[in-house]
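Worksheet: one structure, shown below.
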Amino acid sequence: MTTLLSVRGVKTYYGSIIALKGVDIDVEEGKITTLIGANGAGKSTLMMTICGTPRAREGKITFDGKDITALPTHEIMSLSIAQSPEGRRIFPRMTVYENLQMGAAINQLAYFKEDLERVCDLFPRLRERLQQRGGTLSGGEQQMLAIARALMSRPRLLLLDEPSLGLAPLIVKQIFEIIAALNKRDGLSVFLVEQNAYHALKLAHRGYVMVNGVITLSGSGAELLERPEVRAAYLEGGRH
Amino acid sequence: MATMQSPAADPAMKPGLDYGAAFKDACLAGIIAFLIFGLLLGYETQQTLTNQIILVPRTMLLAGVVAIVVIGRFLINLWSAHRAQTLKTAPTKTTNPLLLKLEAQAGPAFLIAAVLFPAIVIIANGELQSSRYLVDLGILLLTYVMLGWGLNVVVGLAGLLDLGYVAFYAVGAYTYALLATTLVKLPGLEWLAPWMFWICLPVSGLLAALWGVILGFPVLRLRGDYLAIVTLAFGEIIRLVLINWVDVTNGGAGISSIPRPTFFGLPFSAADNGFAATFGITFDPMHRIIFLYYVIVALAAVTFIVTLRLRRLPIGRAWEALREDEIACRSLGINTTNTKLTAFSIGAMFGGFAGCFFAARQGFISPESFVFMESAIILAIVVLGGLGSMLGVIIATMVLIGGPEMLRNVESLRLVFGSDFDPTKYRMLILGIGMVLIMIWKPRGLISTREPTVTLGKKAQAISGDFVKEGHG
């Protein structure tokens with residue numbers, strides 16, 4: 001199994017405050033890798049560091065063997081990495097169609113028509129709403145749009161930052177099923193950052209646990225689900 | 001679609017409006033107005049020849065003001081009561097489909113109106129000279145429409161708040177003025193003189209675009225208020241350089257006798273090789289005014305079409321996405337640096353064209369024409385029209401530029417305010433009140449619905465922009 005994305009000894013600072021204290025993570029090709037942790041652990045910082053804002057002050061990030069640590073964000077994002085950012089960040093005043101066009105902007109809408117069909121089959125709800133403004137969609141639909149928009153660039157690696165944020169459990173389940181299907185059917189590699197540890201670990205082939213900017217545990221999803229530390233910190237009390 | 005509730009279905013709602021209460025409240029407001037203005041406006045102090053101060057009553061003025069307050073208050077009462085009722089019956093507000101249809105037809109309609117305008121004015125007046133004022137007003141309006149559309153690219157589409165737009169207008173104007181006055185003096189280049197305007201027009205646009213990029217670079221990381229302050233400073237810097245670099249710009253005295261544009265090489269003069277003689281018509285100075293009018297119509301049309309096209313291209317979509325959410329843009333692999341710079345430079349280019357036209361039309365320019373007030377007015381046009389709306393810019397220009405101009409000639413105001421009332425003195429006051437009213441009535445600008453760049457055959461769902469929040473990034 002080849003490693004698609006590798007993060008080695010990455011340290012990220014916000015001014016003089018250290019947010020990531022030397023993180024090592026591997027995302028394997030065709031697998032779902034998840035990163036769980038509490039609020040403020042540095043999960044989203046790691047996600048953003050992979051994308052180049054903020055930059056890693058130390059360490060090395062490689063994608064498909066290429067060093068991307070110092071590349072500008074827009075160049076990183078055009079290397080068939082796509083991100084669905086935290087809080088969805090769809091374009092509220094643009095229509096769903098235009099949002100999807102923006103997703104396909106890096107390959108100049110070359111495969112736009114067929115990709116549009118593909119994501120509309122994946123999220124039938126979006127097909128009904130193509131002409132509607134992004135800001136008028138419900139939270140779940142906005143999340144679907146954010147994922148669909150990321151898929152429009154034909155990525156090999158999909159970075160998902162908290163897709164379950166603020167969504168009803170039923171919608172969360174739907175979205176995770178779609179992520180699993182994308183991985184199984186198209187062999188898409190996924191790096192998933194989640195608070196919802198149970199769902200994320202159940203889905204993932206491999207999981208990492210981050211505490212205060214350090215990876216404290218790693219292993220297969222099933223393994224981590226059984227670990228007492230994980231159960232105590234992230235699962236007990238939150239009945240699923 | 002909202003289901004209209006009949007008044008009978010809702011017993012809590014009173015049928016009809018309560019005129020009595022509205023009138024009582026209006027009378028109360030009138031009494032208060034009388035108490036406030038009674039001494040302030042009711043009497044005027046005048047000095048007599050013997051240096052005594054006497055009080056001259058101004059009963060009519062006082063009565064007029066109180067009447068305005070009473071009637072105004074009454075109408076406001078009625079309006080708010082009516083509004084409260086309609087809000088109850090129509091909880092979901094959708095944009096009037098008629099307005100959307102109008103906006104789709106507006107471009108061609110305005111173009112036809114603009115093209116026919118001088119002809120209508122001249123036929124109505126019966127001769128050329130007396131139509132000069134209205135055609136000049138048309139030129140002024142179209143110049144501001146063009147400037148509004150140019151700034152609309154930067155502020156309306158890309159969401160970069162630019163308070164120094166007049167700088168690019170100045171760059172365009174001075175480029176033409178300096179090139180045209182110096183180049184024709186060079187030996188061997190005299191034959192260029194009639195073509196000067198047409199040569200300098202693209203040069204002005206390009207130089208202004210270059211300055212747009214020069215401004216763009218240092219402010220790439222700024223957003224919102226900070227960007228506004230730096231662009232404001234940039235506008236002032238350009239103006240101060242124009243004032244103080246006397247050797248080149250002739251300082252505050254400005255540049256005069258700038259060559260006028262020609263009819264593609266034929267000057268508008270009474271000479272034998274002039275426009276009138278060539279076409280065998282009698283010479284009239286109005287020919288040039290009408291020609292200038294059509295030049296600005298063409299320039300504005302080009303601005304309109306280019307902007308409309310760009311909106312549908314990836315770059316235009318990237319501008320709008322940038323306005324909505326910069327971080328999302330970057331996460332989609334959009335080069336935000338280039339996107340911002342193109343917005344700045346294309347907006348500046350239109351400003352440069354307009355500036356070149358302005359210099360050629362006036363024949364004289366000085367830094368006085370490029371003060372901050374101009375930037376503020378152009379920005380007000382864009383904001384009041386509704387960010388990003390091309391039609392909104394036209395309407396806002398009519399209101400903000402045409403309105404005060406019309407007020408100059410309103411004689412009826414004198415009947416209320418006395419014979420020495422000079423409406424021109426109050427133009428800015430009325431303008432200010434008008435802007436406040438528009439912002440109360442339409443907080444997102446006159447046309448706040450963003451027209452999608454792609455329609456998929458079926459009718460777009462027209463949900464008013466009021467319901468969709470602005471991006472934050």
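The values are calculated or read from the model by the stated rules, or taken from the named source; none is laboratory data. All figures in this text were calculated on a predicted structure; none of them were measured in a lab. Cβ: placed from backbone, ideal geometry, glycine included. Neighbour counts: every protein chain shown.
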Selection count, the range A:121-133, where residues are within 12 Å of chain B (Cβ to nearest Cβ) and either within 15 Å of the chain's Cα centre (by Cα) or in a helix (DSSP H, G or I) (or both): 2
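Output yes when any residue across the range B:274-288 is within 14 Å of another protein chain (Cβ to nearest Cβ) and basic (Lys, Arg), and no when none is.
Within the range B:274-288 (the criterion being within 14 Å of another protein chain (Cβ to nearest Cβ) and basic (Lys, Arg)), the answer is no, since none of the residues qualifies.
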Which residue out of A:Ala232, A:Ala204 is touching a strand residue (DSSP E or B) at 6+ places or on another chain (Cβ under 9 Å) and of a type outside the set (D, E, K, R)? A:Ala204
Can you find even one residue in the range A:107-118 that is at the interface with another protein chain (Cβ under 7 Å from one of its Cβ atoms), assigned to a helix (DSSP H, G or I), in contact (Cβ under 8 Å) with a residue 24 or more places away in the chain and over 13 Å from A:Met144 (Cα atoms)? no
Only one residue in B:Pro267, B:Pro314 is closer than 30 Å to A:Leu159 by Cβ and surrounded by fewer than 20 Cβ atoms within 10 Å (Cβ to Cβ). Which one? B:Pro314
Any residue at all in the range B:47-65 that's modelled with pLDDT of 80 or more and either among the small types (Gly, Ala, Ser) or touching a Pro at 6+ places or on another chain (Cβ under 9 Å) (or both)? yes
All positions within the range B:319-345 that are surrounded by fewer than 24 Cβ atoms within 10 Å (Cβ to Cβ) and aliphatic (A, V, I, L, M): B:Ile327, B:Leu341
Selected residue [more than 31 Å from the chain's Cα centre (by Cα) and touching a residue at least 40 places away in the same chain (Cβ under 8 Å)] from B:Gly212, B:Gly280, B:Gly254, B:Gly265: B:Gly265
Filter the range B:370-408 for residues that are closer than 19 Å to B:Phe358 by Cβ and more than 8 Å from the chain's Cα centre (by Cα) and give the result. B:Phe370, B:Val371, B:Phe372, B:Met373, B:Glu374, B:Ser375, B:Ala376, B:Gly402, B:Pro404, B:Glu405
Would you be able to tell me the number of residues in the range A:200-223 that are without any contact (Cβ under 8 Å) to a residue 60 or more places away in the chain and not hydroxyl-bearing (Ser, Thr, Tyr)? 5
Residue among B:Ile430, B:Ile447 that is assigned to a helix (DSSP H, G or I), at pLDDT 70 or above, within 20 Å of the chain's Cα centre (by Cα) and not assigned by TED's automatic domain parsing to the domain that holds B:Leu310: B:Ile430
Hits in the range A:134-166 (condition: crowded, with 20+ Cβ neighbours inside 10 Å, touching a helix residue (DSSP H, G or I) at 6+ places or on another chain (Cβ under 8 Å) and not in a helix (DSSP H, G or I)): A:Leu137, A:Met152, A:Ser153, A:Leu158, A:Leu159, A:Leu160, A:Asp161, A:Glu162, A:Pro163, A:Ser164
May I ask you to say which residue of A:Ser84, A:Ser78, A:Ser44 is within 12 Å of chain B (Cβ to nearest Cβ), closer than 24 Å to A:Ala200 by Cβ and in contact with a helix residue (DSSP H, G or I) (Cβ under 9 Å, 6 or more places away or on another chain)? A:Ser84
From the options A:Gly166, A:Gly140, residue that is over 15 Å from the mean Cα position of the chain (by Cα) and modelled with pLDDT under 90: A:Gly166
